[in-house]
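Undergrad: Below are the structure tokens for one structure; questions will follow.
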Amino acid sequence: MKKDKIVAVVVTYNRKHLLKRCINAILRQEYKVDKIIVIDNASTDGTEEMMTKTYYRNKKIDYVRLDKNIGGAGGFHYGMKKAYKEGYDWIWVMDDDGYADKKCLKNILKNMPENKYDFTYLPLVINEKHELTWPMELILNNKIYRIYNINEIKNITRNHQLLYHNGAGLLGSLYSKQIIKKIGLPKKELFIRGDEVEYNLRAISNKINTIFIKDAKFFHPKQEFKVIKFFKKEIYFIHANVNLFKLFFIIRNFTYININYRKFPLNVILFTGFLLKWLFSLVYFSNFRNNLMKSLKIFIIALYKGLRKDFNNEDILKFLK
């Protein structure tokens, strides 16, 4: 029986030391990949020199330096397109600031069902303290679990290895070429923030489920979020610490996502909640409040562009700089 060919796609930008750790972790996998494609978004920190000096003899590594920074979304689009054209059966995707446990890929592959090509696969994404990188949703026996703590995963998965998740991300996830053929590539125009969410929803809209593999560990820094109690209810602000540059892409991209991937009236409800939550963030959190007028201006421009599906990044990048 022919062995499936697997390629890892890593997108990097100005984090050469983290990139080196990521690549070395892939090379140390107990189940070996056939190739590593590194997409460099025109880094200026010596990434090209590091790659040339450290890995130039390794024929398994294909280093691609882009002419300009096209964001994480653009990098994944470019890298996954290249991998798909080269005919790999599986594409394993990750950012440079994450790295896989040496058994990560092996544990994903050994827990696949018989119809393995019909699913996407998500490892357990945690930081080095074994805390969840971000809240997640798992579906078991038609019940949805909103998970904030790794111990909760242990409790609900004690006798279950595979669970359907609400969608894979672009962080340690594995996609078959059949899935890529069906749903296409990440939307490069999103640049950063929300590209993985859009890709998830596109997969879900095509009735593609994600299987969560709890024994496959992928390490990534924990996403900071703030919790505010409102009438005894905890409200999570995952993006509370972002700068104004990222604020634009969050508002524009999630406006587009909420309007285009949710059915009425859910889209109206979710979108209203999204806007109210972000307006509250601008007034409440100091990183926005200290520059409130500019924050509001960026918010309005981003909202307008998201509603119009305007993905012209060149003009807004000049404005934000």
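Undergrad: Condition (residue is among the small types (G, A, S), under 19 Å from D310 (Cα atoms) and modelled with pLDDT of 90 or more) applied to the stretch 207-220: is it met by at least one residue?
TA: no
Undergrad: Could you say whether any residue in the stretch 224-233 is surrounded by fewer than 14 Cβ atoms within 10 Å (Cβ to Cβ), in a strand (DSSP E or B) and of a type in the set (D, E, K, R)?
TA: Yes, there is a match, as at least one residue in the stretch 224-233 is surrounded by fewer than 14 Cβ atoms within 10 Å (Cβ to Cβ), in a strand (DSSP E or B) and of a type in the set (D, E, K, R).
Undergrad: Another question about this same structure. Confirm whether R15 is under 23 Å from G169 (Cα atoms) and out of contact with any strand residue (DSSP E or B) (no Cβ under 7 Å at 6 or more places or on another chain).
TA: So R15 passes the test.
Undergrad: Specify which of the listed residues (K103, K60, K110, K35) is free of Cβ contacts under 8 Å to residues at least 24 places away in the same chain, more than 18 Å from the chain's Cα centre (by Cα) and under 27 Å from I179 (Cα atoms).
TA: K110
Undergrad: Give just the number: which of (1) β-branched (V, I, T); (2) crowded, with 20+ Cβ neighbours inside 10 Å; (3) under 16 Å from the mean Cα position of the chain (by Cα) does I213 not satisfy?
TA: If we test I213 against (1) β-branched (V, I, T); (2) crowded, with 20+ Cβ neighbours inside 10 Å; (3) under 16 Å from the mean Cα position of the chain (by Cα), just (3) comes out false.
Undergrad: Six or more apart or on different chains, Cβ under 8 Å: which pairs go from a residue in the stretch 139-159 that's in the same structural domain as F212 (by TED's automatic domain parsing) and within 18 Å of Q223 (Cβ to Cβ) to one that's β-branched (V, I, T) and outside any helix (DSSP H, G or I)? Could you list them?
TA: Pairs that qualify, where the first residue is in the same structural domain as F212 (by TED's automatic domain parsing) and within 18 Å of Q223 (Cβ to Cβ) and the partner is β-branched (V, I, T) and outside any helix (DSSP H, G or I), are I150/I126; I153/I147.
Undergrad: Run down N267, N312 and say which single residue is over 16 Å from E198 (Cα atoms) and free of Cβ contacts under 8 Å to residues at least 40 places away in the same chain.
TA: After ruling out the rest, the residue left standing is N312.
Undergrad: Just checking, which of N200, N243, N253 is in contact with a Lys or Arg (Cβ under 6 Å, 6 or more places away or on another chain) and either over 27 Å from E152 (Cβ atoms) or free of Cβ contacts under 8 Å to residues at least 40 places away in the same chain (or both)?
TA: N253
Undergrad: Return a yes/no flag: does the stretch 194-208 have any residue that is assigned by TED's automatic domain parsing to the domain that holds L109, surrounded by 15 or more Cβ atoms within 10 Å (Cβ to Cβ) and not in a helix (DSSP H, G or I).
TA: Yes: the stretch 194-208 contains one or more residues that are assigned by TED's automatic domain parsing to the domain that holds L109, surrounded by 15 or more Cβ atoms within 10 Å (Cβ to Cβ) and not in a helix (DSSP H, G or I).
Undergrad: Name the one entry in K143, K181 that is under 29 Å from K68 (Cβ atoms) and more than 19 Å from the chain's Cα centre (by Cα).
TA: K181
The values are calculated or read from the model by the stated rules, or taken from the named source; none is laboratory data. Just so we're clear, the structure is a prediction, and the values are computed from it rather than from any experiment. Note that we place each Cβ from the backbone using ideal geometry, even for glycine, and neighbour counts take in every protein chain shown.
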